[in-house]
1. For the stretch 331-346, name all the residues that are open to solvent by less than 30 Å² (accessible area, probe 1.4 Å), under 23 Å from the mean Cα position of the chain (by Cα) and hydrophobic (A, V, I, L, M, F, W, C).
2. Taking the conditions exactly as written (part of a helix (DSSP H, G or I) and open to solvent by less than 50 Å² (accessible area, probe 1.4 Å)), does Ala261 satisfy them or not?
3. Looking at (1) open to solvent by 30 Å² or more (accessible area, probe 1.4 Å); (2) in a helix (DSSP H, G or I); (3) closer than 19 Å to Val265 by Cα, which one does Ile144 not meet, given that it meets all the others?
4. Would you mention how many residues in the stretch 102-138 are modelled with pLDDT under 75, open to solvent by 20 Å² or more (accessible area, probe 1.4 Å) and in a helix (DSSP H, G or I)?
5. Exactly one of (1) open to solvent by 30 Å² or more (accessible area, probe 1.4 Å); (2) within 20 Å of the chain's Cα centre (by Cα); (3) among the hydroxyl-bearing types (Ser, Thr, Tyr) is unmet by Thr308. Its number?
Amino acid sequence: MRHGLSFVGLLAFGNGDISGVCNNRIHQTSRSDALNILGGGSKFRGLHFVPAIQLRGVTSETSSMKLSVDASTAMASLLAGSIGGAIGVGASYPFDTLSTKAQVSTGREENHLGFGRNFIKIWKSEGIGGFFDGVLITMIGQAIIKAIQFATNEFTFLWLEKNSSIKSTIIKMGTAGIVSGLVSSFVVSPVELVKVRMQSQNKQALKKKDDGYKNENSFETPKIFRNEIDCARWLIKTEGWCALFSHGLWITIIREIPSFAIYFVVYGMLAKSSMAAALGEHMAPLIFGAIAGWAMWIPTYPIDIVKTIEQVQTPKNGQKGKGMLTSGQITAKLYRAGGVMAFFDGLEPKLARAAIKHAVTFWVYEIVMSFIRPA
């Protein structure tokens with residue numbers, strides 16, 4: 001019998017044994033044997049998020065049973081990811097707003113504000129509500145996005161375990177993360193399009209204009225939106241349904257694919273490490289989630305800043321594409337304005353947001369999975 005490892009616990013550690021289906025019977029594996037396989041040692045105390053044992057060599061008589069377990073696991077991961085994603089993004093949203101404000105003003109020295117000045121400006125002009133523009137659609141969207149990401153990652157990894165000749169667990173984790181990032185991009189793009197339009201509103205400037213805000217650089221939304229629905233309606237009316245789903249899609253895919261390959265690999269390797277048992281079942285997902293969040297954002301942040309600027313642009317006179325810069329043109333403009341460092345404007349609040357968001361996401365995910373994971 002061969003054993004494989006998954007990045008999250010697919011079977012919860014019970015009070016006595018871990019059960020696996022093998023050769024049409026329930027095969028009992030003792031706790032100590034399982035821990036030796038996982039490298040956790042005798043001090044391991046049943047973290048739900050650690051790599052679980054995936055049993056191979058299943059006969060044709062049990063293949064349907066294994067398929068059912070895999071589907072149930074993916075569904076459990078979908079629900080847990082949905083809840084974790086929504087709570088995580090809500091807890092970290094003010095930092096996301098600060099990061100977006102900084103990104104939108106990148107390359108324009110006369111309008112560029114640092115972290116502290118942005119915070120004070122939003123607080124004075126809009127109050128605490130200014131930090132949460134677009135939070136509703138983002139929480140709903142993240143519930144869907146994280147459900148897709150976690151379930152796709154889980155299902156892809158299980159499929160690779162049983163159907164591929166890949167021996168490396170890291171490669172299987174990375175491949176599952178790539179598929180997860182690609183699939184979820186089609187939901188991420190429209191959700192983040194609405195989010196950045198809401199966050200980039202310059203309400204103070206817009207209120208001073210009776211006939212609309214002059215948006216020469218197309219880097220700020222030329223309208224005050226009452227809420228996310230109002231923003232989405234305006235987008236559809238002025239730019240069309242197609243733009244809602246395609247504006248910034250390709251740059252989103254370019255960002256999401258490496259992001260989630262890194263994300264799930266880093267979390268998975270940390271979950272397999274000796275630190276998991278030492279930190280305990282509550283602290284480990286918080287710390288590992290924060291580290292995974294930083295690991296995914298630091299190398300892909302330059303792509304994110306280009307994506308934000310691309311999505312916040314609005315076509316002049318409502319004509320599709322008119323006056324809007326491509327990803328390549330935005331990249332060139334940013335480099336001319338501030339060199340390499342221009343691609344890291346707003347990184348500090350983004351990293352703060354990443355630590356909080358992904359720590360909370362994984363913590364909630366593991367708690368929910370501990371209750372609903374298939375036995």
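1. Let us first name the residues in the stretch 331-346 that are open to solvent by less than 30 Å² (accessible area, probe 1.4 Å), namely 334, 339, 342-343, 346.
Applying the additional criterion that residues be under 23 Å from the mean Cα position of the chain (by Cα) yields 343, 346.
Of everything in the stretch 331-346, just one residue is open to solvent by less than 30 Å² (accessible area, probe 1.4 Å), under 23 Å from the mean Cα position of the chain (by Cα) and hydrophobic (A, V, I, L, M, F, W, C), namely Phe343.
2. Values: part of a helix (DSSP H, G or I): yes; open to solvent by less than 50 Å² (accessible area, probe 1.4 Å): yes.
Yes; evaluated as a whole, the condition is true for this residue.
3. (3)
4. 3
5. So the condition that Thr308 fails would be (1).
The values are calculated or read from the model by the stated rules, or taken from the named source; none is laboratory data. Values in this document were obtained by computation on a predicted structure and should not be read as measured data. Calculation scope for accessible area: heavy atoms of the full protein, side chains included, ligands and nucleic acids excluded. Shrake-Rupley method; radii C 1.70, N 1.55, O 1.52, S 1.80 Å.
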